[in-house]
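The structure appears below as structure tokens.
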Amino acid sequence: MIELFSDPQTWITLLTLSAIEIVLGIDNLVFISIAVSRLPVHKREVARKFGIAVACISRILLLLTLAWLAGLTHDLFRVLGQGISVRDLVLIVGGAFLLVKGAMEIRELIGGECAYWACIPSKALLRPAELRVQARRTAGVDEPRTDWRDAAEYRDEMIRHLDDSAQIRGYEKRGVTVVKGEARIAGPGRVEVDGRV
């Protein structure tokens, strides 16, 4: 047992699995935030708690599975002289899944993840804390109280009313024609969106 903890490979595996879990956990939180923001306000809190609980349980089960898969290092096949094991396949498929999932969740709005799911929601929660710190440093101001439930509701309200009309107007002013839909490259200099070229 002591040899297990003194083996560097054990710690490398633990760090690798921890990094994977952190990335997957963030993906779950982003997905939950996106899904919950589409619900009526009175249902969001219950849905958020339920989603986080399911995410935590699934993360634990996934971690146990990944711990087993991480030990499967025998090469299944070779690509360009590089051996590919079950562990490598898990990392490749998991990374591709995160990229596709992220792109699928934010594709309906122009401007990307920052404006709608990351920057603005985060700043809506950080601003009350910043103001509280500033108030503490201001002479003659009592210790302010922060109501995090109100702050969370404000964040949700900000997310719910966001749309990409300002971004679309900005592109159109620069002469860009904005067409929403599923696109594919149809050839050199040609993009097809829902059948339109």
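The values are calculated or read from the model by the stated rules, or taken from the named source; none is laboratory data. Not measured: the values here are computed from a predicted model. So basically every Cβ, Gly included, is an ideal-geometry build from the backbone, and we count neighbours across all protein chains shown. Surface accessibility is based on the protein's heavy atoms, side chains included, excluding ligands, DNA and RNA. Shrake-Rupley method; radii C 1.70, N 1.55, O 1.52, S 1.80 Å.
Would you mind putting 121-127, 84-90 in packing order, based on average other-beta-carbon counts within 10 Å, highest first? Kindly include the intermediate steps, with their values, before the conclusion.
Values: 121-127: 14.1, 84-90: 15.7.
For the peptides 121-127, 84-90, the packing ranking is 84-90, 121-127.
Could you work out the per residue convex hull volume over the alpha carbons of the chain, in cubic angstrom? Don't skip to the answer; put the middle values down first.
Details: hull volume 48.2 nm³, N = 197.
Residue-normalised Cα hull volume stands at 245 Å³.
Would you mind checking Lys49/Lys123; Lys101/Lys180; Lys101/Lys173 for any pair whose Cα atoms are more than 28 angstrom apart?
On the way: Lys49/Lys123 21 Å; Lys101/Lys180 19 Å; Lys101/Lys173 31 Å.
Among Lys49/Lys123; Lys101/Lys180; Lys101/Lys173, the Cα-Cα distance tops 28 Å for Lys101/Lys173.
Principal axis extents for the stretch 153-197, Cα atoms only, whole Å, descending order, please.
46, 23, 13
Can you pull the percent of the stretch 117-160's accessible area that's carbon plus sulfur, 1.4 Å probe, other chains left in place? If you can, show how the numbers build up before the last one.
On the way: 1710 of 3250 Å².
Summing carbon and sulfur atoms, their accessible area is 53 percent of the total for the stretch 117-160.
Assuming 0.36 nm per residue, please report the length gained on full extension of the stretch Val100 to Arg132 beyond their Cα-Cα distance.
Values: separation 32, 0.36 × 32 = 11.52 nm, distance 3.92 nm.
That works out to 7.6 nm of additional length.
Roughly how many nanometres apart are two label points built 7 Å out from the Cα toward the Cβ at Ile12 and Thr73?
0.6 nm
Work out which helices of the chain, taken as complete DSSP H runs, extend at least 30 Å along their axis over the Cα atoms and score a mean Kyte-Doolittle of -0.5 or more, then list them. Don't skip to the end; give the middle numbers.
Numbers: long enough: 8-37 (44 Å, 1.45); 41-69 (41 Å, 1.06).
Those that clear 30 Å and a mean of -0.5 are 8-37, 41-69.
Only residues of the stretch 63-77 count here: report those whose backbone N is under 12 Å from the spot 7 Å along Cα→Cβ of Asp88, or say none.
The answer is 73-77.
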